[in-house]
């Protein structure tokens, strides 16, 4: 529920706030992280169910990493991976823009004074 509220807040911030570098960074990272927070637990749960059903046919022991704590750890790893990839992308974009300033795309233009 909190993740959905953060997505709405970020959308409102994009509509109301002046387009600055910080606002662009927060809206891009915030949106991607909130989507990741929504879907990584679903992915971890789906993988868990798949592993339980496929190993049930072959072995009598339950597969590894199917406990609730393991699911939290798997979802946390997926979230950290996504955040690190996003931050690495931003660092690379910043370095590229410093080397080639004529190729800077316009993120959003404002008509407000």
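The values are calculated or read from the model by the stated rules, or taken from the named source; none is laboratory data. From a predicted model like this one, the values you see are computed outputs, not experimental measurements. Cβ: placed from backbone, ideal geometry, glycine included. Neighbour counts: every protein chain shown.
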Among (1) surrounded by 12 or more Cβ atoms within 10 Å (Cβ to Cβ); (2) part of a helix (DSSP H, G or I); (3) modelled with pLDDT of 75 or more, which single condition is residue 53 missing? (1)
Count, please, the residues in the range 11-46 that happen to be in a helix (DSSP H, G or I) and farther than 26 Å from residue 74 by Cα. 11
In the range 56-86, the residues that are modelled with pLDDT under 80, assigned to a helix (DSSP H, G or I) and out of contact with any helix residue (DSSP H, G or I) (no Cβ under 8 Å at 6 or more places or on another chain): 56, 57, 58
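When the range 7-38 is examined, which residues are found to be under 30 Å from residue 65 (Cα atoms) and surrounded by 14 or more Cβ atoms within 10 Å (Cβ to Cβ)?
If we filter the range 7-38 for residues that are under 30 Å from residue 65 (Cα atoms), which is where we start, we get 29-38.
Selection gives 29, 30, 31, 32, 33, 34, 36, 37.
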Is there any pair linking a residue in the range 42-54 that is over 17 Å from residue 69 (Cβ atoms) to one that is in a helix (DSSP H, G or I) and at pLDDT below 85, with Cβ under 6 Å and at least six apart or on different chains, and which? none
